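Scroll down for the structure; my scribbles are underneath it.
The values are calculated or read from the model by the stated rules, or taken from the named source; none is laboratory data. Everything numeric here is computed off the predicted structure, so don't read it as measured data. Positions of Cβ are generated from backbone atoms using ideal geometry, with glycine treated the same way; all protein chains shown enter the neighbour counts. To get the accessible areas, we keep the full protein, side chains included, count just its heavy atoms, and leave off ligands, DNA and RNA. Shrake-Rupley method; radii C 1.70, N 1.55, O 1.52, S 1.80 Å.
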Amino acid sequence: MKIIVAGCGKIGTTIISQLAAEGHDVVALDHNPSVLAEITNIYDVMGLCGNCTNVEILEEAGAESARLFVAATGSDELNMLACFLARRMGAHHSIARIRNPEYNERGLRFVREQLNLSMSINPDMLAAQELFNILKLPSAVKIERFSGRNFEMIEMMLKPNSILNGMTVIEMRNKYKGKYLICVVQRGDDVYIPDGNFILHSGDRIGLTASSAEIQRLLRSLGVMQKQARSVMILGGSRTAVYLARLLINIGVSVKIIEQDAAVCRDLSETLPKAVIVNGDGAQQELLLEEGLRSTDAFISLTGMDEENILISIFAASQNVPTVISKVNRDELASMAGRLGIDCIVSPRKIVSDVLVRYARALQNSVGSNIETLYNLMDGKAEALEFNVKTESPLLGVPLKALSLKQNVLIAGIIRERKTIIPDGDDVIQLGDRVVVLSTNQHFQDFTDIIK
């Protein structure tokens, strides 16, 4: 499928890498020739240098025959104009990155309708929502929601003193009853889809699926349930910090933001009158301690530098802050942060790439079993897909134990109307179900792809 990506910054490059890995015919468009040279050297894509609102450049890129046009430059207005032009020239679908907090949902809806945008994406808002979900359930290091939030998957770390250490999956199921499923385990660089005889170890990162209520019951049974954060310290007054602060303040959480730039602090004070804004260098440990780091429920580092976020988060963890989260975009630094003890990492780039990959796969299969949700799990080594089964299929009505699934594939959940089903071998899939599938090293386009 032909896809044009305009803007090859951090977000654009991640989108390009994911779409190229999916096998799409990608054209990378940017005004910086050195950036394009690096991208075309690394990824199997075509590069074109020029302004994404120049009609001649768009013609050369092939906008008239593109199935999808993605604008991810640093300017919201440029992205909207580029998408508008690409659609008028013949591009079938368009997605614009729009980050400005001044564009509220009503305004965005109007813009999408007038410019005929297929979708607008806001990396900062998406990251803030993920952070918000974690802060509401801090026992998890990652939370993904499916089908209207009725079904969840959480990732959690097994601590050195975990009561699950040395226990098989079936032993855990027998001891801790409930409607949940351990569906994926990461141990070091290896990822497993476990069977009942799989032995859990301290240090494992496990993914489990269940309804929200079941997950909370299980965490309480395991003795790892942490209280919801009521006070949060945020380092860096970014757009993500603004979105997150608004979400937290709306549910009564006290928020303190530390920002080095005095002008940004003044803007934050006007935008967030109920938050405490501190003008200072958060890299200074004394300042963090003076502002109550040791007594806060959660510390989140959202500066523009991955290295600074990691180092300051390590310091916060050393002060026994219950929940420490770091924003890290670079893959190599994210894995390093994990080895250094920072369990909870959020990457806006990865969140956006998940959205784009899901949309591209849905376009490739516009009828049948559409992909409703896609998440990369376990540092990108596994993925969870939610399929909407809309047409007849050879998988319907057949007990799951009778299906010949491909290797490293697991049906992790079925959502039927408003009912969540953690399936066993006797369950069957029906027309209209939403089915959550876990896999490693697969790129499924359709629900029927999961069988041999």
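Annotations
- The calculated P(r) of the stretch 276-410, using every Cα pair and 10 Å bins from 0, goes 10, 29, 24, 17, 13, 6, 1 in percent.
- Summary of the geometry: the stretch 192-251 and the stretch 64-121, compared by the centres of their Cα atoms, lie 33 Å apart.
- Annotation for the stretch 177-244: trypsin sites (Lys or Arg not before Pro) lying in DSSP loop with at most 11 further Cβ atoms inside 10 Å of their Cβ are LYS177, LYS227.
- Prolate/oblate/rounded call for the stretch 203-314, Cα gyration tensor, a/c under 1.5 rounded: prolate
- Sparse-neighbour loop sites [GluC sites (Glu not before Pro); the stretch 378-418; at most 14 other C-beta within 10 Å; DSSP]: GLU392, GLU417
- Residue-by-residue Karplus 3J(HN,Hα) for the stretch 197-206, coefficients 6.51, -1.76, 1.60, Hz, glycine and proline x: 8, 5, 9, 7, 10, 4, x, 5, 9, 10
- Local electrostatic count, VAL169, Cβ distance below 13 Å [Lys/Arg +1, Asp/Glu -1]: -1
- In the context of the full protein assembly, LEU410 retains an accessible surface of approximately 40 Å², using a probe radius of 1.4 Å and ignoring ligands and nucleic acids.
- Alpha-carbon centroid distance for the pair the stretch 401-452 / the stretch 324-358, whole angstrom: 27 Å
- Value at 222 nm in deg cm²/dmol, rounded to 500, when DSSP H runs of n ≥ 4 in the chain each add -39,500 (n - 2.57): -10000 deg cm²/dmol
- Under conditions of 37 °C and 0.692 mPa s, the chain yields 141 µm² s⁻¹ as its translational diffusion coefficient, taking Rh as the Kirkwood radius over Cα pairs in the Stokes-Einstein equation.
- Here, P(r) means the percent of Cα pairs in each 10 Å bin from 0 to the largest distance; for the stretch 394-452 it is 22, 61, 17, 0.
- In a DSSP loop and with at most 12 other Cβ atoms within 10 Å, the GluC sites (Glu not before Pro) in the stretch 74-127 are GLU102.
- Remark: the chain carries 44 Å² of accessible area per residue (probe radius 1.4 Å; ligands, DNA and RNA excluded).
- Pairs of Cα atoms farther than 17 Å apart, the stretch 95-183, %: 66 percent
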